[in-house]
Amino acid sequence: MLQQTRVVAAIPYYERFLQRFPDVHALASASLEEILRAWSGLGYYSRARNLQKAAQQIVAKHGGQFPARLQDALALPGIGNYTAAAILSIAFGEKLAVLDGNVARVLARLGAIRGDLRESARWQELQETADRLLDPESPGDWNQSMMELGATLCTPKSPQCLLCPVAQFCEARKLGIAESLPEKRKKRPTVEVTLAATVFTDEKGQTLLLPPPKNTREKTSADHVPTLVSKMWHFPTLSVAAEPAAKLLAFLRRLMPEVQRRKWQLIPAGKVRHAVTYRAITLLPFLIRVKKLPRLPGARQVPLSDISGLPVSNLTRKVASSALAAAASVPAKN
Ligand code: SF4
């Protein structure tokens with residue numbers, strides 16, 4: 001949970017998650033839908049999927065105990081070098097040094113290392129430095145100290161060198177360049193994406209959500225959509241370049257050939273902005289008021305005012321809020 005999420009934001013999720021899935025067996029045997037619902041709001045849902053796959057492997061192959069050997073830990077879904085080193089050093093005292101963004105920043109400053117730290121040769125060098133510095137007597141404590149130093153004193157902006165316990169060894173401090181290290185990474189250019197989504201609503205305030213898309217070639221999903229809805233339940237959504245309402249209508253007719261002649265009025269329901277990694281998304285929700293919801297293969301009906309009965313992404317929540325606001329301002333036709 002703490003990858004990409006701040007501690008204060010993660011704590012309530014963590015507590016709820018542990019209450020519902022108190023051990024590896026509970027997590028391994030739960031339905032994925034329930035896990036995603038508990039994760040809903042944290043983003044980066046592949047972490048939740050991997051967590052369950054890892055739990056299932058731990059139960060099936062390791063008798064419900066986290067494996068103590070490095071190669072077994074690395075074989076678990078979602079466990080890379082950093083996570084394996086952190087778990088094995090802290091839980092089992094293995095001599096493995098962690099290297100993440102925080103630790104890399106500390107090491108780059110200690111050695112006054114310039115350039116993009118994520119370049120593979122440089123990252124490898126940093127890993128070797130971290131391995132060399134590791135205290136073999138207490139690798140877990142050492143790793144936690146390095147992470148803590150990066151999180152509390154050797155912070156990205158305004159490092160507190162006067163309070164730093166390793167200031168006397170720090171090259172960047174001696175050279176007066178601590179604040180300018182690490183040097184900025186080359187950023188991937190932002191890609192603008194426009195999507196249009198349909199929010200049906202019937203007289204009871206129910207709406208329709210489509211099931212998680214399986215892959216990008218799935219008929220009900222266009223480019224970007226599976227990634228942007230985080231492979232979760234979502235409104236019928238389409239990538240559009242122009243004429244969103246017309247494109248959306250054509251899309252709905254392809255999805256539901258039996259309603260070809262239905263004259264739907266698409267009511268623009270605001271604009272939702274959202275960012276996912278390098279994509280800047282503009283999502284245009286359209287409200288369609290109907291007496292009875294149309295039949296859509298695999299779709300489920302949920303109240304528009306509370307779609308949390310199914311696992312949904314933050315983007316889908318924003319679409320629902322925008323549609324609800326629009327529905328309140330446009331009186332329903334009788
Ligand atoms: S002296 Fe300053 S720059 Fe160097 S490790 Fe300590 S906090 Fe970071």
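What follows draws every value from the coordinates through simple rules; no lab data is involved. Keep in mind it's a predicted model, so treat the numbers as computed, not measured. FYI the Cβ positions are ideal-geometry reconstructions off the backbone, even for glycines, and counts take in every protein chain you see.
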Rg and Dmax of the chain, Cα atoms only, in Å: 24.6, 77
Under a Gaussian network model of the chain whose springs join Cα atoms within less than 10 Å, the largest fluctuation of Gly78, Gly111, Gly176 belongs to Gly176
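Going by average Cβ neighbours within 10 Å, how do the peptides 267-279, 313-325, 144-156, 91-103 rank, with the highest at the top?
Values: 267-279: 15.2, 313-325: 20.8, 144-156: 16.8, 91-103: 18.8.
Result, highest mean first: 313-325, 91-103, 144-156, 267-279.
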Per the rule of 0.36 nm per residue minus the C-alpha distance, extending Leu2 to Glu33 adds in nm 9.0 nm
Cross-link candidates for Lys184: which lysines have Cα within less than 22 Å, leaving aside residues fewer than 8 places away along the same chain? Lys157, Lys174
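May I ask for the equivalent-ellipsoid semi-axes of region 100-255, computed as the square root of five times each C-alpha gyration tensor eigenvalue and listed largest first in whole Å? It would help to have the intermediate numbers written out before the result.
Details: eigenvalues 510, 62, 46 Å².
Semi-axis lengths for region 100-255 are 51, 18, 15 Å.
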Which length gain, in nm to one decimal place, applies between Arg185 and Gln144 when the Cα-Cα distance is subtracted from 0.36 nm times their residue separation? 12.2 nm
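Find the relative contact order for the chain and round it to a whole percent, using C-alpha pairs within less than 8 Å whose residues are 6+ positions apart. Walk me through the intermediate numbers first.
Details: 499 pairs, mean separation 51.9, N = 334.
Computed value for the chain: 16 percent relative contact order.
Taking only the alpha-carbon atoms of region 173-217, what semi-axes of the equivalent ellipsoid follow from 5 times the gyration tensor eigenvalues under a square root, in whole Å, largest first? Please list the in-between numbers first.
Numbers: eigenvalues 486, 48, 26 Å².
Result for region 173-217: semi-axes of 49, 16, 11 Å.
Once you keep just the Cα pairs under 8 angstrom separated by 6 or more residues, what percentage relative contact order results for region 217-329?
Numbers: 113 pairs, mean separation 32.6, N = 113.
The normalised contact order for region 217-329 reaches 29 percent.
On a full-extension model of 0.36 nm per residue, what is the gain between Glu119 and Glu203, subtracting their alpha-carbon distance, rounded to one decimal in nm? Intermediate results must be reported in sequence, preceding the final value.
On the way: separation 84, 0.36 × 84 = 30.24 nm, distance 5.61 nm.
The Glu119-Glu203 span can extend by a further 24.6 nm.
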On a straight-distance basis, which lysines could pair with Lys247 in a cross-link, Cα separation under 21 angstrom, same-chain partners fewer than 8 positions away excluded? Lys219, Lys263, Lys271
To the nearest Å, what is the center-to-center distance of region 99-172 and region 1-37, using C-alpha atoms only? 30 Å
Rounded, prolate or oblate: which fits region 224-334 when a ≥ b ≥ c are the square roots of the eigenvalues of the alpha-carbon gyration tensor, with rounded for a/c under 1.5 and prolate only if a/b beats b/c? rounded
Using a Gaussian network model of the chain with C-alpha springs under 10 Å, which one of Ala246, Ala54, Ala299 is most mobile by mean-square fluctuation? Ala246
